[in-house]
Amino acid sequence: MKTRMKLHLIIYVAFIGLLTACEHEIPFTPKTTEPQLIMNTLLDAGKAENEVFLHLNEGQSIGRLHEATLTLFVNGQIAETPRALTAEEICGSPDDYPEGTTIIYESIRYKLFRLTTAFRPGDHIRLEATAEEGKYHVSAEVTVPQPVENLHVDTCVANLREYRGYTPHRQYKITLQDRPNEKNYYRLDIWNDLTFRCEWDEYWQPEGETLKEAIVPMNRETEIINREDVILTDGHPTNYDDEENELFPTISNQYNIFTDNTFRDSHATLKVYTPLYLEKRPSHIYQRLYRQQTITVRLLSLTEETYRYMKALNCLEDGDYDETLMEPICLPSNVTGGLGFVGACSEARVTFEIPEQRLF
């Protein structure tokens, strides 16, 4: 059991940076020690760029890939042949690290490719990869699903029970219309993008300057609190006290995936929360500070295989998962000639701006 889980975790580690039933399960053959090429990606039709990772599986560890190529086919035609990114392009300039630091670059044993082709719903995609001068060859195919046509979002600020008290959060009520006459798989994704404008006055600046400002973007926040929603908790909504005191923990739906089982050919409304991120501040020195926020609510339509992959990841990432007490997790693989998973999704989105506010 433990050996089997180690192999699955290799595939999981290779894929998790992307967030991504299957054609076949990952083969488990302890006596086989031949290396295999791993290809992982979640192709998102709502993004301008998508990333594809290639790793080399050497039994129970990840080996170093020295050379690899990737070819993208869209609807039977070659669309792109990107080059692998360099270590500096992945991690940044050596000037960003202390002098003599090389471990960061030496730790990059994989190959990363960045696709710039724009995908559309209905596109049939094929990825082919080779490595080590043709010694390894893998491929995978997937079709981009169709998005929902109607998505409506209402939002307000509401108190939510947290850490023995009530804290203001942003509440969302997200209404979607299910795609008719088909089985559908979805994922909810919310982006909070914060930007700060810092200002300071003349006496802080060199002679001749009367006012200076800096625009400081913060890292995107994607946390979603879904515990009160019936659909996202698979019919078992809870509150904060339930989560703290439960004797038999359940696996949380941290990827916010769901099916249309309870609202087939109809509509549903999800109720979730995100933090307000009031504590976030830039590290700059400033006299006046202004905050602007963009919120993007994305409802992703998934392939069935992608949904099942993320459901497995929900278990593997959950701190309450115990392989000795719970059913073993089998990560699906749809890569021919090797290991890994290639998924696809399309989106419907609603974006709104919170007007700029002066904090002080």
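Some values worked out for this structure:
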quantity	calculated
Residue-wise HN-Hα coupling along the stretch 168-184, computed from phi with Karplus coefficients 6.51, -1.76, 1.60 (Hz; x: Gly, Pro)	x, 9, 8, 9, 10, 10, 10, 9, 10, 9, 5, 5, x, 6, 7, 7, 10
For the stretch 120-229, radius of gyration divided by Kirkwood radius, i.e. Rg to Rh on alpha-carbons	1.19
DSSP-loop trypsin sites (Lys or Arg not before Pro) across the stretch 252-360, with at most 15 other Cβ within 10 angstrom	264, 280
Hz values of 3J(HN,Hα) by residue in the stretch 108-115 - Karplus curve (6.51, -1.76, 1.60), Gly and Pro given as x	7, 9, 9, 10, 10, 10, 10, 8
Subset of 183/311; 173/311; 47/173; 280/311 violating a 28 Å alpha-carbon distance limit	280/311
The stretch 151-301: relative contact order in percent, alpha carbon pairs under 8 Å with at least 6 residues between	38
Convex hull volume of the stretch 151-301 per residue (C-alpha atoms, cubic angstrom)	135
Globularity ratio of the stretch 61-163, using Cα Rg and 2.2 N^0.38 Å	1.61
Ranked list, fewest to most other Cβ atoms within 10 Å of each Cβ, for 170, 120, 161	120, 161, 170
For the stretch 128-134, Karplus couplings with θ = phi - 60° (6.51, -1.76, 1.60), whole Hz, Gly/Pro x	10, 9, 10, 8, 6, 6, x
Anisotropy class of the stretch 274-319 from Cα gyration tensor, a/c 1.5 cut	prolate
Prolate/oblate/rounded label for the stretch 36-83 (Cα gyration tensor, a/c 1.5)	prolate
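Just so you know, all these numbers are worked out from the coordinates, no wet-lab data involved. Quick caveat: nothing in here was measured; it's all calculated off a predicted structure. For neighbour counting, all protein chains shown are included, and Cβ atoms are generated from backbone atoms with ideal geometry for every residue, glycine included.
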